[in-house]
Structures are given as structure tokens and as C-alpha cells.
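Report on one structure; see the data block that follows.
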Amino acid sequence: MTIRIVNQSNNPLPAYESAASAGMDLRAQLDNPIVLEPLERRIVKTGLFIELPVGVEAQVRPRSGLAIKNGVTVLNAPGTIDADYRGEIGVILINLSNESFTIKHGDRIAQLVIAKHETITWKPTNSLNDSDRGTAGFGSTGIT
């Protein structure tokens, strides 16, 4: 799949780091560093604008290393970029640690995953077919 992209940053385009990677790193487009205080959230711009085909979304997801090492993650993970959005990609980051965290221009702040999706039509009904699981919900399959 080929996707049109405008890059108004001086960062490289998102790219797969290995042949089996699902996500591509998004980088911060900043004039000045941002300090995220504990429990603070901010939108961090990327300088990227994309044109997705209908039936495709871009998912903005946390970077695992940033989360485990620094407690910084994507607040609305996964964030969805719809096919008809043409604005700049921004990442909502939150600092869940007890220490300040500085984001600098070019830092890898999130991952972008491109995924196809279905558009459905609801069929109202008064009942659903049975299944083995039935109505068993949260925790019904055990802890381990």
C-alpha cells in the first residue's frame, strides 16, 4: 500500500526498523524541548500529514521502551487517525512516572501502525445466537 505523506519537519519519514515490524516510529517536531511533569499530558506535534485511503486507519501507539524506562505513554492508546483527517499528526503523551521527562526535537515518541478496517451496518434484533462463552465477561477465563 502506498500512502501520501507531507513532512514539514526535518526528521526522517517514519520507517519500519525490521522486516517484521508492525509499527513505524513517530518523532517529535519541536522548536524547543518540552518538559512533561509527573501526570502532565501534552499534545506533541510530528510535522507529518497523511492521506489514507477509505477503509484504512493509522493507529498511534506507545513505544514500549519509553513506557517501561520513563513511564511516558500515549494517553488515548491507540489513537485513531481516520482516512478523512488531513491535519498534522499529534501524539497525546502523558508522564505516569514520579519524575520530570524532557522531550527533544527528533525524539521517537510513539509508533504508527497502518490497519485496514471494516465499515459495518447494524442489524437490530431481540436476541443473539448462543456461544460457548455466553455472557461470561471480565475475568471469566481466569487469572493466568
Condition first: of a type in the set (Ser, Thr, Tyr) and in contact with a helix residue (DSSP H, G or I) (Cβ under 9 Å, 6 or more places away or on another chain). Now tell me which residues in segment 64-123 satisfy that. THR73, SER97
Scan segment 31-50 and tell me whether some residue there is closer than 30 Å to THR119 by Cα and charged (D, E, K, R). yes
Report every pair of residues separated by at least 6 positions or lying on different chains whose Cβ atoms are under 9 Å apart, first residue within segment 95-107 and under 20 Å from LEU26 (Cβ atoms), second among the hydrophobic types (A, V, I, L, M, F, W, C) and loosely packed, with under 15 Cβ neighbours inside 10 Å. ASN95/LEU39; LEU96/LEU39; PHE101/VAL35; THR102/VAL35; ILE103/VAL35
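Every number in this text was worked out from the coordinates using simple rules, so none of it is lab data. Fair warning: this is a prediction, and the values are worked out from it, not measured in the lab. Positions of Cβ are backbone-derived with ideal geometry, glycine not excepted, and every protein chain shown enters the neighbour counts.
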